[in-house]
Amino acid sequence: MNEQKKVLSKKKGKKRKQMSAGLTVFLTVFLICFMIAVVTGAGIVLTVFNDLGFIGAGSIEDDVAGVDYIDLDEYIANQSQTTIVYAYDEKGKEVEIARLHGSENRMWVDLNEVCKYLKDAFVAVEDKRFFDHDGVDWIRSIGGVIKSGFSEGGSTITQQLIKNLTGENQATFARKYKEIKNALKLEQHFDKDEILEAYLNTIYLDMGCYGVKTGAEYYFGKDVSELTLMESAILASITQKPRKNNPMINYDENRNRAVYCLDTMLSEGMISQEEYDEAIAEEVVFKGVHSNTSEKDDEAEVSATTTEYQSYYVDYVIDCVIDDLMAQYGYSETEAWTQVFYGGLRIYTAVDMDVQEEMEDVYYNRITFPDSDDDENPIQSAMVILDYEGRLVGIMGQLGKKTGNRVLNIAADSFRQPGSCIKPLSCYAPAIELDYYYWSSYLPNFGIYLKKMGSTWPTNYGGNPGDIEDLRTLQQALAPSLNTIPARIVDTLSPSRSYFFLRDVFKLSTLTQADADYAPMAIGAMTKGVKALDMAAAYVVFGSQGMYYEPWCYYKVTNASGTKTILETEREGEQVLSAGTADVMNHMMQTVVTSSGGTGRSYSVKGFDSFAKSGTTSDNKDKWFIGGTPYYVCAAWVGFEDNTEINTKKYGQNPAGKVYKEVMNRIHEDLDKKKFEYSDESVRRSYCTATGLLASSSCKDKATGWYKIDNLPTRCKQCSGS
Ligand SMILES: [Zn+2]
């Protein structure tokens, strides 16, 4: 494998400087002054001269956007570009769990493996004087400044490489000034081929393609050595504005630029008229597939028992850091990605290594799942475990051995139908929070008449319509997962109010406006579906006295030396539900596991109280089990990627419950005993089973429920005297 440091190794011996140092300094100063004259006032002139050493000692670093100059030599030579990912062990000691750099993503390609057309196309379209200038194209720079200020200013390939390596891309005078200095410096130490090679390997080509190798594979299904002239021009035309110039999305935009690229190649004498004509006439076929090279598959096979690939946790952290860098610093995706893979970051993750390892053992080895499965379409599963402050302690994106880095993570990225797991969020919690009902409110186990269906809807599991005479308390409806009573609750609340709870209280991120309807709200038949990660975060509320925490997976991200904190997680919760409601829900959902008719009866966690809810879609395409102990909330999902129906004879009634129980038992085995903590906003009371009201001494049959102190039922008077 080619290492970046090899490619960017310091140039030995020969100096390719054509311009004298004096002339360079003169031009720099001239250009800077010119820029200042055009764009800013004269005040900065002094600081620039100061920095260039014309005026005494000192530096303008503090003025320059508060960022230190990047010493590119050191940056490349001492491997500081490798990002290191840490976890903390049980003693709080830092442990390295992954190293990230570009070459590990198998995309680095030597310049001599890149076809000449592609090299020429990039030079033609991005920087036609590349082989003649000293890192800065003075003519273009000045022209660019006149035209558009510092936003474009005619960046050379060398300058673009610096941008890619440093991630700095604000259109400011200060950045431009630094970039010019760094570009001149870079060209003193590396030759043109080395710079071009680094450039071609670090550019973004949309659709997650970084570097020309992945780009050629994605768009054309070809190696970079095999591209035609037209394909080369198309690829080279993407990088300026990756999404806008993506040929599969905006063909015309790309085509215009590709033709401009060919025109330039022709006028620069890189290609003949015959080659040009042939390219223009070529019918290009786009593949649009991220290739899984056979080489990769072989390696996965060989190393099936080792940790060849980083964990799903590290995959997820990378995504989060990229997102957060974009949000906080205004980076493009390319720039954020470059920071992560070349920026020498230190990422301190929040993973609980013991939890993650148990999950990996269960998932990689398919424990609780049948040994043999259809290789073409194996059953899938995903799992998320959070603590009660939203810390992501473990995550599994798929079932079976991991086949690559940053592969599909179903737990974080896939939308799946939640089925009955939606009911606590859309029906029961809102009903209690808004004081429509309490634990022992009796409702008929029978559907409601829906005008648009022209019939009574819904039936319970297995098509059982229930009975209008059959009255059940909320708890008695929740534990066996009736469909009828949730539909009645949604009817009382209104679907839009249920929707509001999902969106603004439990913060599900994948809702659509069409979800504000009966079927989505009552039985979880959503338009798009939900993410396991969102569901786990929502269920945390039931064990945290009503606090919601956005899931987080790292403590902080620093620069290589640790002197600068780049990102830090704020772990502030938000009171989204009253503590009393959360307590009542917690107790009610414990009966899913403890009561005789509860759907989670087989899936208790040994030695600990737990609350839970199972979820099945009516067509058996998704199986869920989401529950919490005093330590953790775990959301487990099972299904097929292509939505094949789950054969319960083969996989069991609820395979999600089985894998949930296996993992939860393992990770609780050595934990100290602990109980849920409840607020003083909820109380336990006995109620009269004839009326659902608080039991009086004359009530004959009594049961126990949990109530919000500010919404207690009245005392039963109907039983007196009987
Ligand atoms: Zn009574």
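Restricting attention to the stretch 704-722, report how many residues are out of contact with any helix residue (DSSP H, G or I) (no Cβ under 7 Å at 6 or more places or on another chain), within 14 Å of residue 475 (Cβ to Cβ) and more than 11 Å from the ligand (Cβ to nearest atom).
Selection size over the stretch 704-722: 1.
Give the residues of the stretch 427-451 that are more than 24 Å from residue 506 (Cβ to Cβ) and part of a strand (DSSP E or B), sorted by residue number.
Within the stretch 427-451, 442, 444, 445, 446, 449, 450 meet the criteria.
For the stretch 546-592, how many residues meet the condition of being in contact (Cβ under 8 Å) with a residue 24 or more places away in the chain, in a loop (DSSP other than H, G, I, E, B) and farther than 30 Å from residue 473 by Cα?
Selection size over the stretch 546-592: 10.
Quick check, is residue 487 free of Cβ contacts under 8 Å to residues at least 40 places away in the same chain, closer than 18 Å to residue 422 by Cα and touching a Phe, Trp or Tyr at 6+ places or on another chain (Cβ under 9 Å)?
In short, no.
If we keep just the residues of the stretch 593-604 that are surrounded by 24 or more Cβ atoms within 10 Å (Cβ to Cβ) and either not assigned by TED's automatic domain parsing to the domain that holds residue 387 or not small (Gly, Ala, Ser) (or both), which is nearest to the chain's Cα centre (by Cα)?
603
Can you tell me which residue in the stretch 689-703 is farthest from residue 436 (Cα to Cα), limited to those that are near the ligand (Cβ under 8 Å from one of its atoms) and among the hydrophobic types (A, V, I, L, M, F, W, C)?
If we take residues in the stretch 689-703 being near the ligand (Cβ under 8 Å from one of its atoms) and among the hydrophobic types (A, V, I, L, M, F, W, C), then 699 is farthest from residue 436 (Cα to Cα).
Can you tell me which residue is nearest to the ligand (Cβ to nearest atom) among those in the stretch 675-688 that are over 17 Å from residue 586 (Cα atoms) and surrounded by 18 or more Cβ atoms within 10 Å (Cβ to Cβ)?
688
Output yes when any residue across the stretch 639-646 is crowded, with 22+ Cβ neighbours inside 10 Å, assigned by TED's automatic domain parsing to the domain that holds residue 539 and away from the ligand (no atom under 16 Å from the Cβ), and no when none is.
yes
Taking helices (runs of 4 or more DSSP H) that do not extend beyond the stretch 301-387, which have at least 3 residues that are more than 28 Å from residue 560 (Cβ to Cβ) and assigned by TED's automatic domain parsing to the domain that holds residue 559?
By residue number, 353-364.
The values are calculated or read from the model by the stated rules, or taken from the named source; none is laboratory data. In this text, all values refer to a predicted model and were calculated from it rather than measured experimentally. Don't worry about glycine lacking a Cβ; one is built from the backbone with ideal geometry, like all the others, and counts go over all protein chains shown.
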